[in-house]
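The values are calculated or read from the model by the stated rules, or taken from the named source; none is laboratory data. Predicted model, so just to flag it, every value in this text is computed and none were measured. Don't worry about glycine lacking a Cβ; one is built from the backbone with ideal geometry, like all the others, and counts go over all protein chains shown. The protein model used for the area step is the full one, side chains on, heavy atoms only, and it has no ligands, DNA or RNA in it. Shrake-Rupley method; radii C 1.70, N 1.55, O 1.52, S 1.80 Å.
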Amino acid sequence: MSFEEMWRDLAPVGRFDATGGYRRYTLGAAELECRAWFRQEADKRGMPVRTDGNGNLWAWWGDPDAGDAVVTGSHLDSVPDGGAFDGPLGVVSAFAAVDRLRAEGFVPRRPIAVTAFAEEEGARFGIACLGSRLMAGAITVDKALSLTDAAGTTFGDAMGAAGFDPAAVGPDPALMAKVGVYIELHVEQGRGLIDMDRPVAVGEAIWPHGRWRLDFTGEANHAGTTRLEDRRDPMLTYANTVLAARKKARLGGAVATIGKLVCEPNGTNAVPSRVTAWLDARAPQESTLTDVVKEIHDATAERAQRDETGFHMVNESYTGETAFDPALRDRLSALLDGAPILGTGAGHDAGVLAVAGVPTAMLFVRNPTGVSHSPDEHAEIPDCLSGVSALVDVLRALA
Ligand code: HGY
Ligand code: MN
Ligand code: MN
Ligand code: MN
C-alpha cells in the first residue's frame, strides 16, 4: 500500500468538516478508529501489534526481545481542530518506510518498530506526551490516572472503558530497555524549510516548555445590580493576565499562550465566580522561561490584590531543554545530503525519550503554510515522499 493510499484512508478519520480541523481525542471514537487503522496497517505487513500498559501502540518487524530496536513513529491524537499532518505524518511515513525497505530486500540486523504514542497533545487530559512520559517514568501513575477531561472522566476510567487495565499504567523499564534509538518524523510547525527551500530537516533541540493552570476566584453577583466598585470579578484579573503574559514574554524573549479558558457559571448576566485558564509558555533557554513565568505570576498576584480576587497558579507539566543526540543529529544531516538542522518550540515524544536518555533524532518535513495546530497546516505529497525517502535512508543506516 503506497503512502498516498494510506494517507487517503486515514485522512477522513476525526476530521470535523465544518472547520476542516481534526478532533482525535485520546480514546474517543475518532482516535479509537485511528488505532484500528494502525492495527490494520500492521496486520497487512505481518507486524505483530502490542499496545503497552500506557496505551502506546507498537508494531514490530523482528523480535522485540532481541533489544536495541530502531523505533520510529509519532502520534495519532490531535489538538482541537488540529491539522492533518501533526502526528499522523510520522506514523504513515514509518509504515511507508518499512514497505520501501522490504521492497528493496533490506534485512534489518536490529528489530524495527513503528509506534504511535498516546495523548501526545494532551488535548483531552491536559498533559502533553502522557503516553511516553508514563512509559519513561516522567509522570507519577497517581497523577496520570487522576487527570480528568472536560466531562470529568479520569484517564484511568477512560483507559478502563477502552478495555485497557489501569493497573498496567506506569513506568515500563523493560520496554524502554528495548528501544535502542527513536526517530520521529514530523511535519514542520514553522517556516524554516520554506525559507531554506529544502524539503527535509534534522531536529536540533526542543525548547524548554511547560503548562500552568491559573485559578482566578471572585464573587458571583448580578450583572445589573452590582456596582462596579462592589465587584470581585475574576474575569478582570484574568484579562489583565493575558495582557501581562504577552508583554512579559515579548520583553523576555519567550512565547506565552493562553488558549484554553473555563468561566463559571458562564452566564451573560452573572459576574463570574471563577475563571480557570491555562498558560503554555516556552523559551529557548530554561532561565528565560523561569524568569518570564515568574514575572507573569508576580504581575498577576499583584493585580489580583488590586481586584480583591483570588489567584493560584499550578505547574501541570514541564519539559526542560531537550538537545537531540548531537552525533546522531550530525550523522543524519550528512546522510541526508547536508539536510539543515532545525531547533523547534514544539514538544514531541522524541523530547521525552531524549530527556529519558534514549538516543533520539527528529526529521522535519516542509510545511508550505508554516502553520500548525490549525486546519491550515499542510505538507505537499512530494515533500512527504521526500520525508519517507529520508526515513528509509536513516532506518537503513541504523537498523
Ligand atoms: O504542543 C506541542 O508543542 C506539541 O504539538 N504537542
Ligand atoms: Mn502538536
Ligand atoms: Mn505532534
Ligand atoms: Mn510529536
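Among the residues of region 63-98 satisfying the criterion of being of a type in the set (Asp, Glu) and in contact (Cβ under 8 Å) with a residue 60 or more places away in the chain, which is least open to solvent (accessible area, probe 1.4 Å)? Among those residues, the one meeting the criterion is 86.
Going by what's in this entry, would residue 249 be described as in contact (Cβ under 8 Å) with a residue 24 or more places away in the chain, outside any strand (DSSP E or B) and within 20 Å of residue 317 (Cβ to Cβ)?
On the way: in contact (Cβ under 8 Å) with a residue 24 or more places away in the chain: yes; outside any strand (DSSP E or B): yes; within 20 Å of residue 317 (Cβ to Cβ): yes.
Yes: the conditions hold for residue 249.
Among the candidates 338, 345, 310, single out the residue that is modelled with pLDDT under 95 and among the small types (Gly, Ala, Ser). Just one listed residue meets the conditions, 345.
Regarding region 23-30, can at least one residue be identified that is away from ligand 2 (no atom under 16 Å from the Cβ) and either in contact (Cβ under 8 Å) with a residue 40 or more places away in the chain or touching a helix residue (DSSP H, G or I) at 6+ places or on another chain (Cβ under 9 Å) (or both)? There is at least one residue in region 23-30 that is away from ligand 2 (no atom under 16 Å from the Cβ) and either in contact (Cβ under 8 Å) with a residue 40 or more places away in the chain or touching a helix residue (DSSP H, G or I) at 6+ places or on another chain (Cβ under 9 Å) (or both). Of the residues in region 63-85, how many are part of a strand (DSSP E or B), under 28 Å from residue 126 (Cβ atoms) and among the aliphatic types (A, V, I, L, M)? Looking only at that region, the number is 1. Selection within region 37-56: residues that are more than 22 Å from residue 171 (Cβ to Cβ) and in contact (Cβ under 8 Å) with a residue 40 or more places away in the chain. The member of this set that is most open to solvent (accessible area, probe 1.4 Å) is 44. Checked against the criteria, residue 334 counts as open to solvent by 60 Å² or more (accessible area, probe 1.4 Å), more than 25 Å from residue 282 (Cβ to Cβ) and out of contact with any Asp or Glu (no Cβ under 6 Å at 6 or more places or on another chain). Answer yes or no as to whether residue 60 is surrounded by 15 or more Cβ atoms within 10 Å (Cβ to Cβ), modelled with pLDDT of 95 or more, in the same structural domain as residue 98 (by TED's automatic domain parsing) and assigned to a strand (DSSP E or B). Yes: the conditions hold for residue 60.
Only one of 379, 399, 361 is at negative phi, open to solvent by less than 10 Å² (accessible area, probe 1.4 Å) and within 16 Å of ligand 1 (Cβ to nearest atom); which?
On the way: 399 fails: within 16 Å of ligand 1 (Cβ to nearest atom); 361 fails: within 16 Å of ligand 1 (Cβ to nearest atom).
From the options 379, 399, 361, the qualifying one is 379.
For region 92-114, the criterion of being modelled with pLDDT of 95 or more and within 16 Å of ligand 1 (Cβ to nearest atom) is met by no residue. Hey, could you check region 287-313 for residues that are open to solvent by 40 Å² or more (accessible area, probe 1.4 Å) and not in a helix (DSSP H, G or I) and say which is farthest from ligand 3 (Cβ to nearest atom)? Taking the candidates together, the pick is 308. Answer yes or no: is there a residue in region 211-234 that is free of Cβ contacts under 8 Å to residues at least 12 places away in the same chain and over 30 Å from residue 304 (Cα atoms). So far as region 211-234 goes, no, none of its residues is free of Cβ contacts under 8 Å to residues at least 12 places away in the same chain and over 30 Å from residue 304 (Cα atoms). State whether the residues of region 99-112 include one that is open to solvent by less than 50 Å² (accessible area, probe 1.4 Å), out of contact with any helix residue (DSSP H, G or I) (no Cβ under 8 Å at 6 or more places or on another chain) and hydrophobic (A, V, I, L, M, F, W, C). Looking through region 99-112, none of the residues is open to solvent by less than 50 Å² (accessible area, probe 1.4 Å), out of contact with any helix residue (DSSP H, G or I) (no Cβ under 8 Å at 6 or more places or on another chain) and hydrophobic (A, V, I, L, M, F, W, C).
When you check residue 345 against the structure, is it within 22 Å of the chain's Cα centre (by Cα), within 15 Å of ligand 3 (Cβ to nearest atom) and surrounded by 20 or more Cβ atoms within 10 Å (Cβ to Cβ), yes or no? Give the steps one after another, and end with the answer.
Numbers: within 22 Å of the chain's Cα centre (by Cα): yes; within 15 Å of ligand 3 (Cβ to nearest atom): yes; surrounded by 20 or more Cβ atoms within 10 Å (Cβ to Cβ): no.
When the stated conditions are applied, residue 345 does not pass them.
Being touching a Pro at 6+ places or on another chain (Cβ under 8 Å) and modelled with pLDDT under 95 is true for just one of 286, 321. Which residue is that?
Numbers: 286 fails: modelled with pLDDT under 95.
After applying the criteria, what remains is 321.
Looking at residue 30, is it within 30 Å of residue 156 (Cβ to Cβ) and surrounded by fewer than 17 Cβ atoms within 10 Å (Cβ to Cβ)? Considered against the rule, which asks whether it is within 30 Å of residue 156 (Cβ to Cβ) and surrounded by fewer than 17 Cβ atoms within 10 Å (Cβ to Cβ), residue 30 comes out as no. Residue check: residue 366 meets all listed conditions (1) within 16 Å of ligand 2 (Cβ to nearest atom); (2) crowded, with 24+ Cβ neighbours inside 10 Å but one, namely (1). Inside region 131-162, residues that are within 12 Å of ligand 4 (Cβ to nearest atom) and in contact with a Leu (Cβ under 8 Å, 6 or more places away or on another chain) make up a count of 1.
The number of residues in region 105-118 that are out of contact with any strand residue (DSSP E or B) (no Cβ under 8 Å at 6 or more places or on another chain) and in contact (Cβ under 8 Å) with a residue 24 or more places away in the chain comes to 2.
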